[in-house]
Amino acid sequence: MSALKLNRLAKKCFSLFPNYSTHQIRTGKENRCNEISHRSSELKMNGWQIHNYGNCEELQYATGLRMPLIRNANDCLVRINTTTVNPIDVAMLGGYGSKIINMLRCQEAKSIEFPLILGREFCGTVIQCGMGTNNKVGVGDRVWGVVPLQMNGSHAQYVIVPDYCVINEK
C-alpha cells in the first residue's frame, strides 16, 4: 500500500478519535488491583474495527463495543490516550498473516476472527490490573506498550495487554 493511502487511513482513523471520558470507571492509586464498579459486560467503548479483510473502506467506527475483560492474572486494562497506524496495521487490514494469527487467537482466547480491532502500539493509563501483575505497573500509571498480534488492538478506547507488554513512563 502506498504512503498516500497509509496517510489517508491515518487521517480517517484519527479524525473521529476524540479523548473519551471514563466516568463509569472508578480508579485510585490506593488499590494496585482495583475493581471496576459496574458489571464489565455493561461497560461500552468506541473503536475502529473491521469485519472483512480488504482496503481502507473496510474500517468502521463503532460505538457501543463491549469493553475488554481481564481474563488472565497478568493482564492490564489500559485506557488509550494515543495510538499509531503503521505498516503492519495496513498489511493486517489486507489479510497479512491472517491464517497464523487467527490460529493463535483461537488457541489462546477461544475467539472468532471478526470483528477485529487493529493497532499495535499505544500510550495510555492503566485502569485495572489482574491479581498477578508485576509491581512495576499499577492503576493510574501512564504507560506505553505494544499489543500482541493475536489480541485485539489499540484502535479503541481500551485495550487488554499482558503486563510484560507495557512499560511505565517513569
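The values are calculated or read from the model by the stated rules, or taken from the named source; none is laboratory data. These numbers come from a predicted model, not from an experiment. Neighbour counts run over all protein chains shown; Cβ positions are idealised from the backbone, glycine included.
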_Where I101 falls short, out of the listed (1) hydrophobic (A, V, I, L, M, F, W, C); (2) part of a helix (DSSP H, G or I); (3) modelled with pLDDT of 95 or more_ = (3)
*Can you pull out the residues in the range 36-81 that are at pLDDT below 90, of a type in the set (K, R) and more than 24 Å from I167 (Cα to Cα)?*
R39
*Just name the residue that is modelled with the highest pLDDT out of those in the range 138-157 that are in contact with a helix residue (DSSP H, G or I) (Cβ under 7 Å, 6 or more places away or on another chain) and surrounded by fewer than 22 Cβ atoms within 10 Å (Cβ to Cβ).*
V146
*Tell me which residues, restricted to the range 104-152, are of a type in the set (V, I, T) and assigned to a loop (DSSP other than H, G, I, E, B).*
I112, I117, T133, V137, V139, V147
